[in-house]
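The values are calculated or read from the model by the stated rules, or taken from the named source; none is laboratory data. Bear in mind the structure is a predicted one, so any value in this text is a computation, not a measurement. Here the Cβ positions follow ideal geometry from the backbone for every residue, glycine too, while neighbour counts run over all protein chains shown. When the accessible area is computed, the model is the full protein with side chains, heavy atoms only, and any ligands, DNA or RNA have been set aside. Shrake-Rupley method; radii C 1.70, N 1.55, O 1.52, S 1.80 Å.
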Amino acid sequence: MSRIELDRVVVRAATPGGPAPEVTVLQETTLDLAEQRIALIGPNGSGKSTLARLVNGLVEPTTGRVTVDGLDVARKGREVRRRVGFVFTDPSAQLVMPTVVEDVALSLRHQVRGREERAAAARSVLASYGLEELADRSVHTLSGGQRQLLALAGVLATDPAVLVADEPTTLLDLRNARMIGDLLLGLPQQLVLATHDLELALRCERALLIDDGAVVADGSPTEVVDHYRASAG
Amino acid sequence: MTASPLGDYQPGTSVFHRLPVGAKLLGLLVLSVVAVAFRGVATTGGLLVLAVACCMVAGVRLGRAARALRGVVVAMTLLAAYQTWQRGAEHAFVVVGALVALLLLATVFTTTTSVDRMVDAITRWLEPLRRFGVKPELVALAFSLMIRGIPLTLAIAGETRDAARARGLERNPRAYLTPLVIRVVAHARATGDALHARGLGDE
Amino acid sequence: MTRRTPTTDVALIAGFAALIAVCAILPDIKTGIGVPYSLQTFGVLLTGAVLGPVRGFLSVSLYLVAGLVLPIYSGGASGISHYSGVTAGYLVAFPIAAALCGFLVYRNRHNATQFAFVFTCGLLSSFLVVHTLGPLNLAWRADLSLKEAFSFDAAYFPGDIAKNVVMALVATAVHRAFPDLAARKRSAEVEATSAA
């Protein structure tokens, strides 16, 4: 199991519109995350997405330090990103190549040399997710569920040790959300899951409630979810 | 890269399919200079014969050649009429005939060159510039992103136009262009983040 | 917090190249005076005004090179034929016009949200670059005198002014929505944090 540590991390951002005073997106936070599955819950704009993005350097701390297995995210970004996979809310932003097989091949560019070999490896990754029939389709013609599954396949193709998912089921219909949720929770990888789906959060080993840029509850998912439900009124 | 959803490429095995991309482009460039430098009935006639012969060798379908010409037929007719009126029919044939010949030769290029081979050629040409900080693989990536981006942007354009129409603003180009461009920027940033997360900025 | 990464720049360059392609493919705006206007030059100048000189130039160049093999030039015509034709001068002018427009806008980046300023930058770029290189090539290719070529070209003036108005309206809205687009590479603060 990997170990994700936040040491007195603060994130500030400029407000839209120019040199106005900065807003604090995340107040000073110190965390040690070593559980298999960790849920981040909280209202929209609370900072859970920022917390998720800190783990692979998409957001850099204004002050403080984030490390994954002792590797400083700000300095060793490259090594960290090879260890930490990231799944976004909107898969159409994540899928960057024109066809399905090319997108998975892009993920495999370090592992497999040679264009033909890479395409073959990409096809076998697709087959393991039951997506082999879509290999030559244009990414644009896929359904939302297929896209998210493909985005996930593209990330898992490189076999990362940690998977960070930022509201991966928010844009999906109920059936696809359940399918992606089950898949994520069944993975052997360590999972950091920012989500609005409290059922998914309850199936994790640990949950963090984030509100207004601060961690306000941390512990067993049952307690944290109860706390969230009570505070939402 | 495999076949793109767009494009006029027509798979085949003709000599033009096997010719390097650079040679084809160079040939086209040379012929287009010849057409102007040696302007005359013989040059234009020769170019037209050559163009038709190349189309046949490359196996350009008649429909495709017609489609290539359709877009310019009005402009060509106008130019022919104008040149006939100003300088006579022979001159009109020389000028317009050469343009049509070059258009057909260009069609040979697009029919026999896949996006893959084009991108491969460009990455190869850029390789010597690596020492000046050019990253050919980022250029290849930009190509793929752009091809992926066209159907996506068309879809967004359709949505924003419908939204403008629903609000009775269909005659106001700003009302649908502004949200379109804002969504293009927002999408590009999300894509940039995703590429970064996949380690593409680290190379 | 938002950082300017090379991958975001690549995505913006590609995204705007696709946007110009879409502008060129979309049906022409009908006008009363008979000349159809495509949104292609709108897309080109907008790209310069929004992305600045370097990214703008690269984006328009990417569009042009991709157009060699994809049917993404005005009217959906297939690419490279335009280079052998009468419109080549306009195409070659596009990346230069985008770079000039971007240079003018980014030189006074705090004015990037002012309509009149961006409009002037766009108009200057299109008249100094597009409406010189375009007719020069037209004269050469179609064997017309310079006077004839420039008077054909003048038919596009009213449309270009209108397109520049829309371009400036849209570009200023985008700069208001994304104030850090025109920011210099990585703020000093972020630089200091990552160095620390």
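Between the helical axis of B:173-197 and the longest alpha-carbon principal axis of chain B there is an angle of about 70 degrees. Chains B and C together bury roughly 4900 Å² of accessible area, counting both sides, with a 1.4 Å probe on protein heavy atoms only. For the segment C:163-173, counting C-beta atoms of other chains within 10 Å of every residue's C-beta and taking the mean gives 3. With N as its number of residues, the protein assembly as shown has a Cα radius of gyration that, divided by 2.2 N^0.38 Å, comes to 1.06. With viscosity 0.692 mPa s and temperature 37 °C, the Kirkwood radius over alpha carbon pairs of chain B converts through Stokes-Einstein to a diffusion coefficient of 159 µm²/s. Relative to the longest principal axis of the Cα atoms of chain B, the long axis of helix B:115-126 makes an angle of roughly 90 degrees. Between chain B and chain A, the total buried accessible area stands at approximately 2400 Å², from heavy atoms with a 1.4 Å probe.
Ligands, DNA and RNA left out, the accessible area of region B:15-114 computed with a 1.4 Å probe is 75% carbon and sulfur. Computed in the context of the full set of protein chains, the accessible area of region A:49-111 at 1.4 Å probe radius has 45% of its extent on carbon or sulfur. Normalised by residue count, region B:15-114 yields a Cα convex hull volume of 89 Å³ per residue.
Close amide H contacts of residue A:208 (hydrogens built in the peptide plane, cut-off under 5 Å, sequence separation of 5 or more or a different chain): A:39, A:40, A:41. Per residue, the convex hull spanned by the Cα atoms of region A:12-101 measures out at 163 cubic angstrom. For region B:135-202, the relative contact order is 22 percent, taking Cα pairs closer than 8 Å that sit 6 or more residues apart in sequence and dividing their mean separation by the residue count.
Adding -39500 (n - 2.57) for every DSSP H run of four residues or longer, then dividing by how many residues the protein assembly as shown holds, sets the calculated 222 nm ellipticity at -18500 deg cm²/dmol. Remark: mean inter-chain Cβ contacts per residue of A:85-97 equal 6, using a 10 Å Cβ-Cβ cutoff to other protein chain atoms.
Counting only Cβ charges, +1 for Lys and Arg and -1 for Asp and Glu, the dipole size of chain B around its Cα centre is about 320 debye.
Taking the longest Cα principal axis of chain B as reference, the axis of helix B:73-87 is set at about 40 degrees. Derived scalar couplings between HN and Hα for region C:165-175 equal 4, 5, 4, 5, 4, 6, 4, 5, 4, 5, 5 Hz in order, rounded to whole Hz, by the Karplus curve 6.51 cos²θ - 1.76 cosθ + 1.60 (θ = phi - 60°), x for Gly and Pro.
Ranking B:125, B:85 by solvent-accessible area of protein heavy atoms (1.4 Å probe, all protein chains present), from largest to smallest, gives B:85, B:125. Peptide B:118-131 has a mean of 1 when you count, residue by residue, the C-beta atoms of other protein chains within 10 Å of its C-beta.
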